[in-house]
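The values are calculated or read from the model by the stated rules, or taken from the named source; none is laboratory data. Bear in mind the structure is a predicted one, so any value in this text is a computation, not a measurement. Note that we place each Cβ from the backbone using ideal geometry, even for glycine, and neighbour counts take in every protein chain shown. Please note that ligands, DNA and RNA were not included when accessible areas were found on the heavy atoms of the full protein model with its side chains. Shrake-Rupley method; radii C 1.70, N 1.55, O 1.52, S 1.80 Å.
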Amino acid sequence: MNDLITVVDWSRWQFALTAMYHWLFVPLTLGIAVIIAVMETVYYRTRSPKWLRMTKFWMTLFGINFAMGVATGIILEFEFGTNWSNYSWFVGDIFGAPLAIEGLLAFFMESTFIAVMFFGWKKVSPGFHLAATWLTAIGASLSALWILIANGWMQYPVGMRFDPEQMRNVMDNFWAVVLSPVAIHKFFHAVLSGWVLSGVFVVGVSCWLLMRKRERDFAISSIKVGAWIGTIGILGTLWTGDSSAVDVARVQPMKLAAMEGLYNGGRSQSLVAFGILNPDKRYDNDADPFLFKIDIPYGLSILANHDPHSFVPGITDLINGMTIDEQGDTVRTGSYAERIASGLEAHNALRLYDAALASGDKEAQQRLRNDIDAHFADFGYGYLTDPSEAIPPVAMTFYTFRIMVCAGGYLLLFFVVALFAVYRKEKWFDSRLIQWGGLLTIPVVWICSECGWITAEVGRQPWIIQDLMPTRAAISDISASTVQTTFWMFAAVFTALLAAEACIMLKQISKGPEK
């Protein structure tokens with residue numbers, strides 16, 4: 001049992017390592033592709049050499065980043081087979097479909113037109129080249145769409161049925177999977193946050209050029225495009241973040257409770273603007289959840305349900321069986337202890353069904369199939385031994401969520417100031433304070449982006465598929481030493497790739513745009 005837990009922990013750490021490195025590259029790819037397409041559109045309309053230089057300079061940085069993102073992304077997808085083979089078997093018919101579409105359609109489209117974008121300047125017409133640039137940007141977003149549909153399904157499994165003969169889930173409604181509100185909101189939130197990150201990157205690098213007193217006209221024009229794309233992105237990210245919060249409240253209420261450090265919920269629930277968690281707090285004791293906090297009255301009820309007087313359940317409420325349904329209504333379900341017992345009933349019925357199938361007992365098969373269906377909603381809970389195991393890491397979820405929100409607020413202010421300065425107070429960009437502010441905001445936006453993913457993924461633990469399969473049931477039959485070895489190998493390789501990208505990018509930025 002201890003070895004099993006070790007394998008689970010190391011497999012989770014390895015996947016988290018790969019995903020976080022991969023996410024360093026993805027949002028920049030999503031956003032800067034759009035910025036390049038906008039710049040080339042201006043060049044196509046004006047035929048100004050300045051805009052051609054801008055397009056080619058930022059396109060070079062895009063190409064460096066794109067190559068690194070592909071390298072980490074391929075490894076990430078292969079880990080589902082190497083480390084999470086039970087998961088891949090259990091839901092492969094569902095989870096594999098959007099990933100296959102992403103590889104065959106979106107990534108193929110993106111990879112095809114990126115070749116035209118880089119090598120077709122004097123080989124195709126300007127109009128065709130512009131179309132290739134836009135299709136590359138669209139292809140990158142389509143890749144994100146199908147990957148986030150797969151991820152959204154893990155957060156909110158729909159459009160499927162369980163087939164006891166195969167002992168796996170199969171898709172029975174493709175469009176329910178594709179059009180899941182969780183997946184759609186995650187897609188727009190992720191893509192628009194990529195616009196934010198790329199806008200900050202372009203503004204920050206341009207500030208570095210100004211700091212070096214180089215390419216002033218080039219830098220100011222780049223700041224205008226980057227700031228506008230970033231502003232659209234941050235406003236869209238705030239809007240989709242609100243929609244995602246409503247989704248979380250209705251289909252992953254335990255994640256929302258962890259994000260807020262909320263143990264005992266209620267109506268007209270306040271939102272914690274800032275707080276320090278009490279490390280001694282448990283769901284089954286009377287300790288105060290916070291050592292210190294500042295509340296926003298009615299904030300959480302508004303965030304979760306758009307109703308200042310609505311009920312928001314806490315961790316203890318959920319464990320005791322009080323929650324809200326997908327329509328936002330307060331309902332009482334079975335307690336987690338009862339759901340664990342119900343999940344064990346489903347497991348037992350499945351074992352008996354397998355025996356009945358082997359013996360050809362049709363009557364027993366039908367009876368046991370009914371038993372499985374009756375308890376299948378609690379199937380994942382049958383792997384748990386105690387209700388406390390269904391609580392995600394509260395501290396990590398709580399603090400990363402607040403870092404993301406605070407950084408997002410700062411980024412909104414950053415773009416407002418950047419737009420005001422670039423159009424009304426251009427001389428501000430001669431100030432070292434403004435130049436350093438633009439440059440130092442680059443790490444801030446990456447921290448914000450990574451904290452968003454940590455909140456989303458850590459907050460749904462212990463589930464790899466919400467309420468259906470915990471991580472402990474999803475792993476491959478491999479030794480802990482194997483996972484440990486590959487973890488450190490990947491850590492070394494990814495760090496080397498990141499260092500290589502940083503060196504190449506810094507060299508290219510230092511070189512500046514072509515004369």
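Our summary of shape: the Cα atoms of segment 203-338 have principal axis extents of 66, 34, 27 Å, ordered from largest down, in whole angstrom.
For segment 206-223, the Karplus equation 6.51 cos²θ - 1.76 cosθ + 1.60, evaluated at θ = phi - 60°, returns couplings of 5, 5, 5, 4, 5, 4, 8, 6, 10, 6, 4, 4, 4, 5, 5, 5, 5, 4 Hz by residue, with Gly and Pro reported as x.
With a cut-off of 12 Å between beta carbons, the residues surrounding residue 19 carry a summed charge of -3, where Lys and Arg count +1 and Asp and Glu -1.
The portion of the accessible surface of segment 116-220 made up by carbon and sulfur, rounded to a whole percent, is 67 (1.4 Å probe; DNA, RNA and ligands excluded). Each residue, residue 115 and residue 172, gets one label point 7 Å from its Cα in the Cβ direction; the gap between the two is 4.4 nm. Compute the distance from the alpha-carbon center of segment 437-515 to that of segment 37-53, in whole Å. The distance from the Cα centre of segment 437-515 to that of segment 37-53 comes to 34 Å. For segment 186-320, what is the relative contact order in percent, using Cα pairs closer than 8 Å and at least 6 residues apart in sequence? For segment 186-320, the relative contact order is 23 percent. With the alpha-carbon atoms of segment 388-515 aligned to their principal axes, the span from lowest to highest coordinate is 61, 33, 20 Å, starting with the largest. Our estimate of slack between residue 358 and residue 337, defined as 0.36 nm per intervening residue step minus the Cα-Cα distance, is 4.3 nm.
For segment 122-224, the share of alpha carbon pairs falling in successive 10 Å distance bins from zero is 13, 24, 25, 19, 11, 6, 2, 0 percent.
Across the protein chains, with a 1.4 Å probe defining accessible surface, the residues 146, 58, 428 rank 428, 146, 58 from largest area downward.
Annotation: amide H of residue 296 within the under-5 Å range of 271, 272, 273, sequence separation 5 or more or interchain, hydrogens built in the peptide plane.
Scanning residues 5 or more positions from residue 322 or on other chains, those with amide H under 5 Å from its amide H are 333, with H placed 1.01 Å from N in the peptide plane. A straight line joining the Cα centroids of segment 226-243 and segment 61-107 runs 27 Å. Relative contact order of the chain: 20 percent, from C-alpha pairs under 8 Å at least 6 residues apart in sequence. Once backbone amide H atoms are built at 1.01 Å from N, residue 306 has no partners under 5 Å, excluding neighbours fewer than 5 places away on the same chain. Evaluated at q = 0.09, 0.12, 0.13 Å⁻¹, a Debye calculation over the C-alpha positions of the chain (equal weights, vacuum) places log10 I(q)/I(0) at -0.71, -1.17, -1.31. The calculated FRET efficiency for the pair residue 508 and residue 280, based on their C-beta separation and a Förster distance of 35 Å, comes to about 0.10. Could you tell me how far the Cα centroid of segment 179-220 sits from the Cα centroid of segment 409-426, in Å? The distance from the Cα centre of segment 409-426 to that of segment 179-220 comes to 13 Å. The listed residues 301, 125, once ranked by accessible area (1.4 Å probe) with the largest placed first, stand as 125, 301.
Using the alpha-carbon positions of segment 1-138, Rg (one decimal) and Dmax (whole number) come out as 19.3, 68 Å. Net charge in the neighbourhood of residue 66 (other residues with Cβ under 13 Å of its Cβ; Lys, Arg +1, Asp, Glu -1) is -2.
Structural size metrics of segment 293-391, computed from C-alpha coordinates, are Rg and Dmax of 18.7, 64 Å.
Based on protein heavy atoms only, segment 6-107 ends up with 37 Å² per residue of surface accessible to a 1.4 Å probe.
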